[in-house]
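Bear in mind that the values in this text are calculations on the coordinates, not laboratory data. Computed from a predicted structure; not experimentally measured. Using ideal geometry, Cβ is built from the backbone for each residue, glycine included, and neighbour counts are taken over all protein chains shown.
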Amino acid sequence: MKHILAYLKKYRFRMAVGFLIKTIGTLAELVLPFILTHILENVIVTLKINKVISYGILMVAFSIIACVGNIVANRMAARVSTDFSRALRKDLFSKTLYLSARETDRFTIPSLESRITTDTYNVHNFVNMIQRMGVRAPILLIGGIGITLFMDKILALVMIATLPIIFITVYSVSKKGVPLYIGVQKSVDSMVRVVREDTQGIRVIKALSKNEYENRRYDKVNRELSKKERHAGVIMSTVNPIMTLLMNLGIAGVVAVAAFQVANGKSSAATVIAFMQYFTLISMAMMSLSRMFVMYTKCAASANRIFEVINNPDDFYITEKSEAVTDDSHFVFDNVSFSYLGKKDNLKNLSLTVKKGESLGVIGATGSGKTTFLKLLLRFYDTDSGEIRINGQKLSSYSREELTSMFGVCLQNDFIYADTIKENICFGREITDEDIIKAAKIAQADDFITSFEGGYDYMLSSKGTNISGGQRQRILIARAIAARPEILILDDSSSALDYKTDAALRLALSKELSNSTVITIAQRVSSVKSCDNILVLENGEVIGYGKHEDLLINCPEYKEISDSQMGGVLVD
Amino acid sequence: MTDNKNKKKRSAERRGIAIRLGGYVIRQWTLFIPALIFTLLSNQLSLLGPRYSGAAIDAIEAAGGVNFPEVWKNVIIMIICYALSALLSYLLAVVMIHLSQRIIYRMRKELFEKLNTLPVGYFDKNATGDIISHLSYDVDTINSTLSHDLVQVMTSIYTVIGSLIFMWQISKPMILIFVFTVPVSILFTKFRSTKVRPLFRLRSKRYGELNGYAEEMLSGARSIQAYGRQEVICGRFNKRNDAAMDACYNADYNAALLYPTINLINNISISLVAVFGGILYMYSQSGTVAAGSIFFISLGGVAQFVQYSRKFAGPINEFSNILHEFQSAISAAERVFRVLDEEPEPEDDPNPVEFNVVKGNIDFENITFGYVPEKTIIKNVTINVKSGQTIAIVGPTGAGKTTVINLLMRFYDPQSGEIRMDSLPALKIKRSDLRKAYTMVLQDTWLFHGTIYENIVYGREDATPEQVYEAAKSAKIHNFIESLPDGYDTVITDDGVNISKGQRQLITIARAMLSDAPMLILDEATSNVDSRTELQIQDAMNCLMKNRTCFVIAHRLSTIQNADTILVVRDGAVTEQGNHDELIKLGGFYSTLYNSQFK
């Protein structure tokens, strides 16, 4: 919760003004019953119409002040709360994008998503409500207690005695409530997960006629969510009755004590009657506080989840740059080992040097560590042992910007988003239209792009569902080469291309990007055989390294792969 | 004119939404009626409390000193009243939570089950995050209104009517004040609502868009990082965030006017009551108004009338306050109902033909199809496939290969022409029966959050563990699974650090191997699998294809070469059709492609 206050600090001036206006409005409203009582008790009996009318006008005047004050204050509250949640969501989303792969895995995407949406929304609601309702109740409470203390100390103390019990109750319910609402939000995560999976896999589900199965799977999380919400709600709803009951017991106590006081001549019945009226005000204030408190609990749970992400320590650290080792190596793997889960090495004792402008092919069976090799080079993960160097400097000595500006990457899990083709290639970088078209030409994509209606302005749908797999791959390759990267990484990125297009792509790449170091990860020998060196991986270990021709002789596994693909691949 | 008509239509729609939402509540009448009873009882009891405290005070004030026994008696009754009232209000809250949760549960369930009946096109058109937003944000918004405000409205109606009756008894002329001010409140509320409604609708829409964008970008987080595009993407996210927050502020800003203004109108009416009450009292005192006339009023009458009019005004204030929340609930409900009213996949034929023992003959007769009617993808295609044959579909990307599969599975139906399965028109067969006849492996592997075992057995729920292991062994994934610390119980995660894309595909192949469907669709089924593994699973694949009618989209020559029929799809037409030798002889596109690999 203190984190939320830190966020609100920025708006403290506006909030203070808002609270002040709200206080004025509320006080003007609270004065109305007093005027009313005054009219009834003192003015009417004077039988002067003018006087009655002028008091009526006074009431209207105070009503207007109350109305204007409330409108202005509520609008200011709306401003502060939207500005606040805007800033909070902005920071949260930004942080989410910087989370490392390991951290994203830990939080899971559906959970991150519901933190950005429903959790932020819960906090927003609370901040808005506390500003709108948070003034009246304390004024009534403090004012009421003040006046009753003034009227009769002993009776007031009897009532005040119930307050600590109320606070203890509220505190202990709150302690129970926060984890319950965290549980609710966790169930929301699971529900989001199922919906997300099903919208993505709708074809498979329909093909296998698994609708019923999926409905059951959803029903399970839906039921669970309902159960948790119900449980949390039931626990929280004890607050209001307990609070009211305690207050009313206080009233009963006051009446009982008053009987003795009056009997001893220390108080009068009239005082007791007046006392009761203020007591009603106080208990109304307490009820309104209890409603705020329930929302607070929900908000605290959501805030916990939001700040768990925002305050997650950045595991991307930067080390000092050392004296550069100047040789013609572009990047070096020096005895690198790595494991995702810390159990089995996914990459073991890998050593490798690639010179500037050279091309490296990486080949190996499914799960042999090809993509892991790449993820380490991109520093999605840090190595467990050994060292990676680029241009003679340790990988960890580069900032994020330096690192990413060196690479052009075409990843296996391709990311196409709903925007134009041009924008999907450009990807928010400063690249001229000319360069975009050039990149598309090299990627063998220009022909099909220009055949679309609108050409480069053709709108792609999310995940590129309105173009074919081969077209997607070529757009992604164009994206990777558009900025002329130092190191170009193609991870299995031409698997859907036909033989002819793939060959044309290789040719164009070697011609147009001769200065770039190119890493090609592939399953087809034909995609890597022209590389200067080929790395053959199996179970995370190097089992061959060299040129195609040499590997055919030295590396039986490589020869086996190559033989299996004789006769080649035909079309996409 | 039309504008007016539209407006009318809109407001009718609005009313429809409110009624429909009410229907959800009414359906839970077994909880709703107890809730109403608890509300009334608990209110009644809490009103009784003051009466006994009054009696107690009277006893304190009693002539001849404090009447202690009377005080005690009243204090005890008071405590009992309050305790009962507290108990009832707790029960009420519990009932309300159950009520609203049942409604919400049901709404989410209906929504989800509806989604499952929608055509696949819906999911291509709508962002995943937006769909999720219906089930989270929209339903939540409805929930908070239902659970908080429903009972309040109910109690309010009770109070309003009660106070009105009392006021009527005290002074009829003074009620005239409300005859003016209440309609003013209603008109003002109506006037404001028409202004505020579209703002709330926009707010829901913007939230949906924001969630859609967040979902899309989170799915691509790794690529965004690889390109260091975080700031740019954040910038774009913020634009949508701004749009959503602006819409939110706008709605709140405009809605903020309502409650205080209605409050003002109410306060003015109370002031008027005091003033006119005062004046009437004075005339009554001076004798201008005779006792017994309806204008006659006593001082006590004025005081009581004021009290009741305050009671009367309170709920009206509450109404306008609730209306604010109600607006957002209506907008949310509108979005929910729009999904519920989406056109589902067309109904199955009411008299479906029996389709049990499938041989696997398939005929395309003059099929023409386009995803949008204006843009034909396939024109006049005729294909005849015999049981057990393998059909390879070859052609440049985007030429309509996947479309053939969409038609086979009836994800879409052709605009003209007829598809027949075992000589039965496909349109006459129940979709679920038809789809059961197929098993398929797609290029985009789809696994869900669950254990590997659950993901494999997904294709056939009644499979025994031995069959599952056997399928995994044939797909050459068994050893890998066994090497994982949790084996078959390993839970598959989103980004799947522990399982590579190729391994994921092998799991889907194992899934397909479990199925005993007579027809098989392979859409780039091994595109992510390395060729050595592919060779190893070739036997199993052959076995999978044996005795089945197969449709294969592939680029591996060996698969294509051995197909019984090769279809060359180009520019929306089947340009070549025949086996390998025939097509080579033909010297068309296929032979060019085939020969190009030897260059």
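Secondary structure note: in chain B, about 55% of the DSSP beta bridges are antiparallel. Zone of A:R484 (label point 7 Å along Cα→Cβ, backbone N under 15 Å): which residues in segment A:407-450? Under 15 Å, as judged by backbone N against the label point of A:R484, lie A:407-408, A:430-440, A:442 of segment A:407-450.
Tell me, how many Å apart are the Cα centres for segment B:62-133 and for segment A:427-503? Measuring centre to centre over Cα atoms gives 55 Å. Ordering B:I393, B:F123, B:G49 by the projection of their Cα atoms onto the charge dipole of chain B, which places +1 on the Cβ of Lys and Arg and -1 on the Cβ of Asp and Glu, puts B:G49 at the extreme positive end.
Here the scattering of segment A:2-310 is modelled by Debye summation over its C-alpha atoms, one equal scatterer each and no solvent; at q = 0.08, 0.14, 0.15 Å⁻¹ the log10 of I(q)/I(0) is -0.54, -1.15, -1.23. The H on the amide N of A:I489, modeled in the peptide plane, is under 5 Å from the matching H of A:G408, A:V409, A:C410, A:I519, each at least 5 residues off or on a different chain. Applying 1/(1 + (r/R0)^6) with R0 = 56 Å to the Cβ-Cβ distance of A:K355 and B:R51, what FRET efficiency is obtained, to the nearest 0.05? About 0.05, to the nearest 0.05.
3J(HN,Hα) couplings calculated from phi for segment B:452-462 with the Karplus curve 6.51 cos²θ - 1.76 cosθ + 1.60 (θ = phi - 60°) are, in sequence order, 4, 4, 4, 5, 6, 6, 3, x, 7, 5, 8 Hz; Gly and Pro show x. By the Cα gyration tensor, segment A:480-523 has an equivalent ellipsoid whose semi-axes, rounded to whole angstrom, run 18, 12, 8 from largest to smallest. When every Cα-Cα distance of segment B:444-516 is counted in 10 angstrom steps from zero, the calculated P(r) takes the values 22, 63, 15, 0 percent.
Between A:Y340 and A:N346, the built amide H atoms are under 5 Å apart, and every one of these is 5 or more places off in sequence or on another chain. Of all the Cα-Cα pairs you can form in segment B:225-322, what percent are over 24 Å apart? The share of Cα pairs beyond 24 Å in segment B:225-322 comes to 55 percent.
Considering only beta bridges that DSSP places wholly inside chain A, some 50 percent are antiparallel.
Listed by chain and number, the lysines whose alpha-carbon sits under 25 Å from that of B:K114, ignoring those within fewer than 8 places in the same chain, are A:K186, A:K206, A:K210, A:K220, A:K227, A:K228, A:K463, B:K125, B:K205, B:K428, B:K430, B:K436. With a Förster radius of 35 Å applied to the C-beta separation of A:A508 and A:N391, the computed FRET efficiency comes to 0.85.
Computed over neighbours whose Cβ is under 12 Å from that of A:S461, the net charge equals 0, Lys and Arg +1, Asp and Glu -1. What distance in nm lies between label points placed 7 Å from Cα along the C-beta direction at A:F13 and A:T280? According to this spin-label approximation, the distance is 4.4 nm. Taking packing as the residue-averaged number of other Cβ atoms within 10 angstrom, the listed peptides A:553-563, A:239-249 run from highest to lowest as A:239-249, A:553-563. Each Cα pair of chain B feeds into the Kirkwood radius, which the Stokes-Einstein equation turns, at 20 °C and 1.002 mPa s, into a diffusion coefficient of 69 µm²/s.
Listed from fewest to most Cβ neighbours within 10 Å, the set A:M292, A:M459 follows the order A:M459, A:M292. Temperature 4 °C, viscosity 1.567 mPa s: under these conditions the Stokes-Einstein estimate for segment B:13-340, based on its Kirkwood radius over C-alpha pairs, is 54 µm² per second.
Per-residue packing, averaged as other Cβ atoms within 10 Å, sorts the ranges B:216-224, B:505-513, A:182-190, B:279-287 into the order B:505-513, B:216-224, A:182-190, B:279-287, beginning with the highest. Per-residue shielding of B:321-328, expressed as the average number of other chain Cβ atoms within 10 Å of the residue Cβ, stands at 0. Counting each DSSP H run of 4 or more residues in chain B as -39500 (n - 2.57), what helix-only mean residue ellipticity at 222 nm follows after dividing by all residues, to the nearest 500 deg cm²/dmol? It lands at -22000 deg cm²/dmol. Here the label points at A:R400 and A:L341, each 7 Å from Cα along the C-beta direction, are separated by 2.9 nm in the simple model. Listed by Cβ neighbour count within 10 Å, with the fewest neighbours leading, B:T376, A:T46 appear as A:T46, B:T376.
Centroid-to-centroid, using Cα positions, segment A:507-524 and segment B:466-521 are 33 Å apart.
Of the trypsin sites (Lys or Arg not before Pro) found in segment A:326-410, those in coil by DSSP whose Cβ has at most 12 other Cβ atoms within 10 Å are A:K343. For A:G544, the residues whose amide H sits under 5 Å from its own are A:V536, ignoring neighbours fewer than 5 places away on the same chain, with H placed 1.01 Å from N. Each Lys and Arg contributes +1 and each Asp and Glu -1, all at the Cβ; summed about the Cα centre of segment A:2-310, the dipole is approximately 760 debye.
DSSP bridge analysis restricted to the protein assembly as shown gives an antiparallel fraction near 50%, rounded to the nearest 5.
Looking at A:I242, A:S172, A:A77, which one has the Cα that reaches farthest to the positive end of the dipole of chain A (charges on Cβ: Lys, Arg +1; Asp, Glu -1)? Result: A:I242. Measuring how big the protein assembly as shown is from its alpha-carbon positions, Rg and Dmax come out at 37.1, 126 Å.
Within segment A:239-258, name every residue whose backbone N is under 18 Å away from a label modeled 7 Å from Cα of B:K73 along the Cβ vector. Residues A:256 fall inside that zone. Note on B:259-265: average number of Cβ atoms from other chains within 10 Å of each residue's Cβ is 6. Averaged over the residues of B:277-289, the number of partner chain Cβ atoms lying within 10 Å of the residue Cβ comes to 3. Residue by residue, segment A:192-200 carries 3J(HN,Hα) couplings of 4, 4, 5, 4, 5, 4, 5, 5, 7 Hz when phi is fed to the Karplus relation 6.51 cos²θ - 1.76 cosθ + 1.60 (θ = phi - 60°); x denotes Gly or Pro.
Per-residue 3J(HN,Hα) values for segment A:49-59, derived from phi via the Karplus relation 6.51 cos²θ - 1.76 cosθ + 1.60 with θ = phi - 60°, read 4, 4, 5, 4, 5, 5, 5, x, 5, 4, 4 Hz in sequence order (x marks Gly and Pro).
Where only DSSP H runs of four or more residues are counted, chain A gives -20500 deg cm²/dmol as its mean residue ellipticity at 222 nm, each run worth -39500 (n - 2.57). Can you tell me the FRET efficiency between A:N311 and B:K430 if r is taken as the Cβ-Cβ distance and R0 is 60 Å, rounded to the nearest 0.05? The value I calculate is 0.65. As a proxy for reagent exposure, ranking B:T261, A:T450 by other Cβ atoms within 10 Å from fewest up yields A:T450, B:T261.
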